[in-house]
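J.: Sharing a structure with you now.
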Amino acid sequence: MLVIAKEPVAGRVKTRLCPPFSPAEAAELAASALADTLETVLALPARRRVLVLDGRPGPWVPPGFEVVPQSAGGLDERLAAAFGGCTGPALLVGMDTPQITAALLAPALAPGAWDGVGAWFGPAEDGGFWALGLADPDPALLRGVPMSVPETGAVQRHRLVEAGLAVRDLPVLVDVDTADDAHRVASAAPGGRFASTFGRLTGAGVR
């Protein structure tokens, strides 16, 4: 299991939440999203759990994670490098979907999940993707895919199919990019740290 993330530092993470949130508040939300994500990944049946980090690890990294630095280059290169450090099936998620649960990811981690399957793909509502699993983690499957554009997910999935891989899909999720996204995600997972932080910062209960 791979989690690709940024150190939750004000001014460097979740800048699209500003406004209405301040950079410090956006960093709080990012830290909470990352904490929820790491907690979920700890509960998953993985042989190895790796935090692929842009920044410095701190006491917020729970035991059970190996921390490796992100490579240089664009996001496609950084994702490619993350998979390049793996052998055997690998499943990558980001820190923008704190609503993920073990049940949501179970299809890609169950016994037999990779029988006849070359890739698992988790599409995001904004056109990107929130999860990518590769039976054979070949970095070439990601290099050159345009990132952070509306067609990112479609191009990435087409790349997998074009490579001859049988692709299975996970549910479509909302990434936290904007304040509206944050409200929707907090409402979808009201028991998490992200929802608690969102509620405290907005002064409103999450419904």
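Read the figures in this text as sums done on the coordinates, not as results from a lab. Not measured: the values here are computed from a predicted model. Counting neighbours? That spans all protein chains shown, and the Cβs are built from the backbone with ideal geometry, glycine included.
J.: For A131, enumerate residues with amide H under 5 Å from its amide H, sequence gap 5+ or separate chain, H modeled in the peptide plane.
T.: G122
J.: Here's something else I'd like to know. Please list 3J(HN,Hα) in residue order for the range 61-66, calculated via the Karplus relation 6.51 cos²θ - 1.76 cosθ + 1.60 where θ = phi - 60°; whole Hz, with x for glycine and proline.
T.: These are the phi-based 3J(HN,Hα) values: 7, x, x, x, 10, 8 Hz.
J.: Is any residue of the range 128-171 close enough, with backbone N under 15 Å, to a label point placed 7 angstrom from the Cα of A110 along the Cα-Cβ axis, and if so, which?
T.: Inside the label zone: 168-171.
J.: Explain nothing, just the number: relative contact order of the chain, from Cα pairs under 8 Å at least 6 residues apart, as a whole percent.
T.: 22
J.: Could you size up the charge dipole of the range 1-137 around its Cα centre, putting +1 on the beta carbon of Lys and Arg and -1 on that of Asp and Glu, and report it in debye to the nearest 20?
T.: 260
J.: Give the share of C-alpha pairs in each 5 angstrom bin for the chain, from 0 to the last occupied bin, in whole percents, shortest bins first.
T.: Pairs per bin, as whole percents: 1, 8, 16, 20, 21, 17, 10, 5, 2, 0.
J.: Given a Förster radius of 25 Å and the C-beta distance between D54 and V155 as r, what FRET efficiency does 1/(1 + (r/R0)^6) yield to the nearest 0.05?
T.: Here the calculated transfer efficiency is 0.65.
J.: Please turn the phi angles of the range 126-137 into ³J(HN,Hα) values with the Karplus equation 6.51 cos²θ - 1.76 cosθ + 1.60 (θ = phi - 60°), one per residue in order, whole Hz, x for glycine and proline.
T.: 7, x, x, 9, 9, 8, 8, x, 10, 5, 10, x
J.: What FRET efficiency comes out for S187 versus A163 if R0 is 30 angstrom and r is the Cβ-Cβ distance? Round to the nearest 0.05.
T.: That gives a FRET efficiency of 0.20.
J.: Still on this structure, please answer the following. How much length is gained on full extension from D180 to R200, taking 0.36 nm per residue of separation minus their Cα-Cα distance?
T.: 5.6 nm
J.: Oh, and also: Cα convex hull of the range 86-126: how many Å³ per residue?
T.: 98
J.: Right, something else. So, in nm, how far is label A140 from label V172 when the simple model puts each one 7 Å beyond its Cα toward the Cβ?
T.: The two pseudo-label positions are separated by 3.2 nm.
J.: Provide the per-residue ³J(HN,Hα) series for the range 24-36, in order, calculated from phi with Karplus coefficients 6.51, -1.76, 1.60 and θ = phi - 60°, each as a whole number of Hz, with x at glycine and proline positions.
T.: With coefficients 6.51, -1.76 and 1.60, one gets 5, 5, 4, 5, 4, 5, 4, 4, 5, 4, 5, 4, 4 Hz.
J.: Hey, how many Å between the Cα centroid of the range 81-121 and the Cα centroid of the range 32-71?
T.: Taking the Cα centre of the range 32-71 as reference, the centre of the range 81-121 is 15 Å away.
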